[in-house]
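Working notes, beginning with the structure itself.
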Amino acid sequence: MLKTKSVESPIDRDGDGLRILATRFRGRGMSTDRYDVWMPSLGPSEQLLQAVQSGQQSWAQFSREFLKELFMDGPIDSRSKTIKNHGQKFTLRLIKDLARKGNVTLMCHCAEDQQQCHRHLLQRLIASNKI
Ligand SMILES: [Zn+2]
């Protein structure tokens, strides 16, 4: 099962399964035992994060841009004519498979009840048939 939660919320070792911190910034003073793996590449870019936090972009704009960023080609893609990385595509597929076999929890620094958090967008994307 694929879940999301705030990294600040109590840890449920059995229920959480693999705890992924999916944020660009790890967080100063954050203890490394609060997550199993830190994946900054699953967080919004610093530029996009700054745009939404400053109010330059609405949540709807942010959502669209964030989903685009997840599939953006990197410089390595120009070196492969056929099979490209397509951003985080294969990482997302891996998480999808892990979540079929056990629990995976995507985490962010946002509060537990924050609905406008990219972790929910990630969860929906991974659960969809787009990847
Ligand atoms: Zn968040």
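A short reminder: the numbers here are calculations on the coordinates, not readings from a lab. Quick caveat: nothing in here was measured; it's all calculated off a predicted structure. When we count neighbours, we look across all protein chains shown, and the Cβ atoms used for this are built from the backbone with ideal geometry, even at glycine.
Which of the residues belonging to segment 65-93 are outside any loop (DSSP other than H, G, I, E, B) and surrounded by 13 or more Cβ atoms within 10 Å (Cβ to Cβ)?
Glu65, Phe66, Leu67, Glu69, Leu70, Asp77, Lys89, Thr91, Leu92
Take segment 100-131 and flag every residue that is surrounded by 17 or more Cβ atoms within 10 Å (Cβ to Cβ), over 12 Å from the mean Cα position of the chain (by Cα) and within 15 Å of the ligand (Cβ to nearest atom).
Once the filter is applied, which keeps residues that are surrounded by 17 or more Cβ atoms within 10 Å (Cβ to Cβ), over 12 Å from the mean Cα position of the chain (by Cα) and within 15 Å of the ligand (Cβ to nearest atom), segment 100-131 yields only Cys110.
Go through Glu8, Glu46 for me and flag whichever is exposed (fewer than 13 other Cβ atoms within 10 Å of the Cβ) and either out of contact with any Pro (no Cβ under 9 Å at 6 or more places or on another chain) or under 23 Å from Ile126 (Cα atoms) (or both).
On inspection, the qualifying residue turns out to be Glu46.
If Ile20 meets every condition in (1) under 14 Å from the mean Cα position of the chain (by Cα); (2) away from the ligand (no atom under 16 Å from the Cβ) apart from one, which number is that one?
Checking Ile20 against (1) under 14 Å from the mean Cα position of the chain (by Cα); (2) away from the ligand (no atom under 16 Å from the Cβ), the one that fails is (2).
Evaluate the following for Gln50: is it more than 20 Å from Lys5 (Cβ to Cβ), within 15 Å of the ligand (Cβ to nearest atom) and either without any contact (Cβ under 8 Å) to a residue 24 or more places away in the chain or touching a Ser or Thr at 6+ places or on another chain (Cβ under 8 Å) (or both)?
Against the criterion (more than 20 Å from Lys5 (Cβ to Cβ), within 15 Å of the ligand (Cβ to nearest atom) and either without any contact (Cβ under 8 Å) to a residue 24 or more places away in the chain or touching a Ser or Thr at 6+ places or on another chain (Cβ under 8 Å) (or both)), Gln50 qualifies.
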